[in-house]
Amino acid sequence: MASREEVRRTEREKLSEWAAQYEEVKAREQKRNILMKVLYSEEYKMLTIKNIIVAVVWLFVGGAFALILRSQAGLSSTGVPVVVTPEYYFQAMTNHVMDMIFGAVFSIVFAVSFYVIPAMNGSRLIKWPKIANAGLWIATIGLFMMNFGGVQNQYMFTFLNPLKASPTWFIGYAAMVIGEWMEMASVLGTSFNGRIKGKLVPTAIGFIVMDMIMMALANISVFIDVIWSLLSPIGGLGITIFGVPNAEVWKGLFWFADHPLVYFAPYTLTGASLAVIPIYAKRPLYSYRFARWLIPTLFVLGSSVYVHHLGDDPWPLILRDIFAQTSTALIAIPFAALWLLFFITLGDPRKLKWDAALAFIYASAVWNIIGGIQAEPTNPVQAIDPTIHNTGWIFSHFHVMLALYSVGGLLGVLYAVGPYLWGREWYSTKLSWLHFWGWQAGMGLFVSASAIGGFYGLIRREVAWAGFYEPYYQLIMIGGWLAGFATIFFGYNLIMTLLYGKKIKETDIPMWAVITVAMERYGLRREGYSDEELPTALPADGMIRKVSNSVNNNVQGNNILTRNVNLQKDVKAELKLDKTDKADIK
């Protein structure tokens, strides 16, 4: 068995090799002007920032569609155009969902992936950057095509013949899926690019890799579905190869992919949260071994939860009722275990050092529990689900899960690691807190009014309803606008941070990654893992020492001596961290 010093020496040599490659990447990056960097960049921070900017743009575009919807619904219960006509109302409904999920959420998930993986494995290298950049812009162009599909985009939320989507909608969807596949391939390649054989990857990376595999597989059925629809009578091209214009084909294959879709943000968020919370807790996760077992469990269950979209459809019993219904009920168990691990690790909330980042992440956990409690008694039970599925109860549930849990949690991660990404402190902590409280109050009011109204039969996917429900829609409108103003605070704070935020000391490896990997190494060692298995140790000060292989013996000897001195410093620093964590645990 190799000694700790021998293991660390191997790790340092690999880090030095990656550092040399990263210097070449930075040299090439400096030669590109800003326009070229927008189109193509191979530096992991730049690629991350581009995805964040794209996500924020779609957040505002999708949010604008949401405010159009909420204002029309809140100001009229008869469908009389106050803000938009009924046909544009349904178009805005389709565009809102597409832009928020595929534009904002998917882009921020890719941003987190392209930043967290190279930082935590120490490579700082992106695998297949050309594929990653092309995927980003192909997916973005595809989403634009879907937005410009016209009023026929009502089809997305009816699944009823003879309504049609425009050809540009289907073509854009297909292009978007291809772009997503390209980015997922780059993320997966990046995870292997920075791995040393025989070593475990950090737990956060494990969740992200699982997430990419799940969504890449799930997208197969929706891609088949899009091509089927495009070449059938409902496709609008006039090329009819598949002569079954059955919306059930679209609906079935769509949900086989797109209920795994709703876990795309939560699984990456889980990985990122498990990387961040030990920093706030000042101790490792309660059990990394347990967290790692959650990865395959959530993969299997998350891939098969679609029953409450197909419960009254003519699909085979084994798919519709037995397998999927069971999965829908069982997935609450690993999530409950996850949050038990989360809260045990953080400990007494009164002893935590609170900021907007931790507040968003903590609140996202609470909201996920609320959303799970809301859904479990209804969605998996086919005697109940058809009754409530077209009511406000359902869109309350998915706004809890997507807006308050997924988006809220990812915003918390961005607040936590953002300063290390762009090298500047947040411009205003007050604006950060205004964003947090505005988002929680606005979306909290939104989901509460939706759930209560839905319990009394408030209908969704319609433009007119009984006047009894109008107060609920008015409360939903007010909540939406509160969340919208909170997002403006965030956007302003982000711009001012990039322009005027106070600069922070930058290191080769961001210090959040150094700390969380050191915490995980200590936790895994405590749970019985050997030094050879532990994730690659990062330099305690975040600075990588380059190891040269000079043929000059004297130079080589000096390098070895310097390397051993630095190695001893790193080992001592890690041992010091171990002792500190042990004191905290006691």
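Remarks
- Average projected area [Cα convex hull, region 68-139], square nanometres: 6.3 nm²
- Here the extension length gained between residue 344 and residue 53 equals 101.3 nm, from 0.36 nm per residue of separation less the Cα-Cα distance.
- Cβ-Cβ FRET estimate between residue 546 and residue 428, R0 fixed at 30 Å, reported to 0.05: 0.20
- Nearest-ten-degree value, helix 332-346 long axis tilted from longest Cα axis of the chain: 40 degrees
- Two-decimal Rg to Rh for the chain - Kirkwood Rh, Cα set: 0.99
- Ligands, DNA and RNA are left out, and with a 1.4 angstrom probe the accessible area of the chain is 41 Å² per residue.
- Extending 7 Å from Cα along the Cβ direction at residue 452 and again at residue 178 yields two label points whose distance is 4.9 nm.
- Per-residue [θ]222 nm for the chain (sum of -39500 (n - 2.57) over DSSP H runs n ≥ 4, rounded to 500): -22500 deg cm²/dmol
- An ellipsoid equivalent to region 13-110, defined through the eigenvalues of its Cα gyration tensor, has semi-axes of 44, 12, 8 Å when rounded to whole angstrom and sorted largest first.
- With a cut-off of 16 Å on the backbone N, the residues of region 114-146 near the modelled label site 7 Å out from residue 39 along Cα-Cβ are 130-138, 141.
- The simple Förster model, with R0 at 51 Å and r as the Cβ-Cβ distance, assigns residue 197 and residue 326 a FRET efficiency of 0.85.
- Estimated inter-spin distance, residue 495 and residue 144, nm [label 7 Å along Cα→Cβ]: 2.1 nm
- C-alpha center-to-center spacing [region 55-82, region 463-530] in angstrom: 23 Å
- Length gained when the stretch residue 27-residue 292 is fully extended (0.36 nm per residue, less Cα-Cα span): 91.6 nm
- Take the Cα of residue 220, go 7 Å toward its beta carbon, and the backbone nitrogen atoms of region 290-306 under 18 Å from that spot belong to 299-306.
- Using alpha-carbon coordinates, inclination of helix 356-375 to the longest axis of the chain, degrees: 40 degrees
- Rounded tilt (10° steps) of 470-500 against the dominant C-alpha axis of the chain: 30 degrees
The values are calculated or read from the model by the stated rules, or taken from the named source; none is laboratory data. None of these values were measured; they are calculated from a predicted model. All Cβ positions, glycine included, derive from the backbone under ideal geometry; neighbour counts span all protein chains shown. With ligands, DNA and RNA removed, areas are computed over all heavy atoms of the protein, side chains included. Shrake-Rupley method; radii C 1.70, N 1.55, O 1.52, S 1.80 Å.
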